[in-house]
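Following: one structure in structure tokens, then a few remarks.
The values are calculated or read from the model by the stated rules, or taken from the named source; none is laboratory data. Keep in mind it's a predicted model, so treat the numbers as computed, not measured. So basically every Cβ, Gly included, is an ideal-geometry build from the backbone, and we count neighbours across all protein chains shown. For the accessible areas, the whole protein counts, side chains as well, though only heavy atoms, and no ligand, DNA or RNA atoms are used. Shrake-Rupley method; radii C 1.70, N 1.55, O 1.52, S 1.80 Å.
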Amino acid sequence: MNVLYSIVNKDYEDIVMIHNLYFDNKWNTKDIETMCNIENYSFVIIKTAKEVLAYAILYDTLDSFDLFEIAVKVEYRNQGLGAKLLNALFEKCTDRDILLEVNETNVKALSLYEKNGFVRISVRKNYYKDNKNAIIMVKKY
């Protein structure tokens with residue numbers, strides 16, 4: 001299992017499959033290709049020789065980094081892959097804060113972020129469908 005800082009075309013389908021299992025807004029491989037062609041986006045993936053197990057997408061806003069998305073295949077959860085992805089991001093983002101938003105009901109994600117040094121700084125009321133709030137978090141540098 002390797003942690004990589006970039007993706008190749010053959011990884012697109014795995015990322016789309018993982019994304020579409022866990023997020024409401026569905027993607028196709030063209031969406032990933034588009035992100036790869038925008039310099040502000042960067043990817044960190046954990047993969048075996050056969051498949052992507054987990055990924056994170058980072059967006060460089062020039063003032064900070066936004067953790068755009070992070071996901072781990074369900075059968076590989078609770079094995080430390082989320083923390084490995086975050087540590088890889090921390091190694092990459094050494095000069096600016098990292099911001100993220102997470103659904104207030106996503107208790108596991110909130111726990112992961114807090115264990116890895118993110119702190120809550122704000123709430124976006126009724127941000128998600130069903131009037132769920134988004135918790136805004138930051139990891140300071």
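Results, tabulated for the structure shown:
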read-out: Residue 127 farther than 18 Å from residue 44 by Cα and in contact with a Ser or Thr (Cβ under 8 Å, 6 or more places away or on another chain); value: no
read-out: Single residue of region 93-108 satisfying the filter (of a type in the set (Val, Ile, Thr) and open to solvent by less than 70 Å² (accessible area, probe 1.4 Å)) that is farthest from residue 5 (Cα to Cα); value: 102
read-out: Extreme residue, least open to solvent (accessible area, probe 1.4 Å), among residues of region 122-141 that are touching a residue at least 12 places away in the same chain (Cβ under 8 Å) and not in a strand (DSSP E or B); value: 141
read-out: Residue 38, sole failed condition from (1) surrounded by fewer than 16 Cβ atoms within 10 Å (Cβ to Cβ); (2) closer than 15 Å to residue 93 by Cβ; value: (2)
read-out: Filter result for residue 111 (without any contact (Cβ under 8 Å) to a residue 12 or more places away in the chain, polar (S, T, N, Q), more than 25 Å from residue 13 (Cβ to Cβ) and open to solvent by less than 50 Å² (accessible area, probe 1.4 Å)); value: yes
read-out: Residue list for region 13-27, restricted to those being within 18 Å of residue 128 (Cα to Cα) and aliphatic (A, V, I, L, M); value: 21
